[in-house]
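Please treat every number below as a calculation from the coordinates, not as lab data. As the structure is a computational prediction, the values presented were derived from the model and not from experiment. Don't worry about glycine lacking a Cβ; one is built from the backbone with ideal geometry, like all the others, and counts go over all protein chains shown.
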């Protein structure tokens with residue numbers, strides 16, 4: 001069984017509903033069980049700035065799926081939400097990124113684990129910090145990473161999840 005952390009974001013349409021439905025779809029994947037969800041945060045866009053604010057959250061799940069198979073399922077969920085990739089870091093109905101899978105290190109063209117920019121983004125780290133337990137002790141200095149993030153002041157609690 002693998003412990004996986006995912007980052008979810010949305011800034012098109014009903015952002016909150018997009019996140020809630022995406023979590024449900026993830027939990028519906030055979031061999032996947034969502035075990036924890038962070039609160040939802042409203043955040044400023046990063047990279048491409050001429051777009052609406054995002055809602056972001058992090059989900060922890062357990063799965064027996066291999067990483068590439070999990071990625072394929074997550075990309076199929078993005079397609080269900082009509083996710084397009086026209087502008088790098090641009091607007092999206094849903095974005096689902098694999099942050100970590102256990103302590104795996106993967107460096108493939110289609111998948112890099114841990115996510116290469118996660119430690120630079122407070123909109124990922126702040127909700128991730130809510131979910132880390134003793135069993136996830138390999139990220140003991142997450143608050144140090146959060147303190148170094150330039151975008152931390154733009155991450156505002158939007159709503160408690162659930």
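Some values worked out for this structure:
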read-out	value
FRET efficiency, residue 16 to residue 64 (Cβ-Cβ, R0 35 Å, nearest 0.05)	0.70
Within a Gaussian network of the chain (alpha carbon springs, distance under 10 Å), most fluctuating of 58, 34, 124	34
Relative packing of peptides 6-16, 110-120 - highest average C-beta neighbours within 10 Å first	6-16, 110-120
Distance in nm between pseudo-label sites at residue 147 and residue 97 (7 Å out along the Cβ direction from Cα)	2.3
Residue 35-residue 106 pseudo-label distance in nm [points 7 Å out on the Cα-to-Cβ vector]	1.8
Entry for Kirkwood radius over Cα pairs in Å (calculated from the structure that is shown) out of (1) 15.8; (2) 15.1; (3) 20.0	(1)
Among 27, 141, 56, residue whose mean-square fluctuation peaks in a GNM of the chain (springs only between Cα atoms under 10 Å)	141
Fully extended contour minus Cα-Cα distance, from residue 159 to residue 72, at 0.36 nm per residue	28.4 nm
Mean ellipticity per residue at 222 nm, deg cm²/dmol - from DSSP H runs of n ≥ 4 across the chain, formula -39500 (n - 2.57)	-8500 deg cm²/dmol
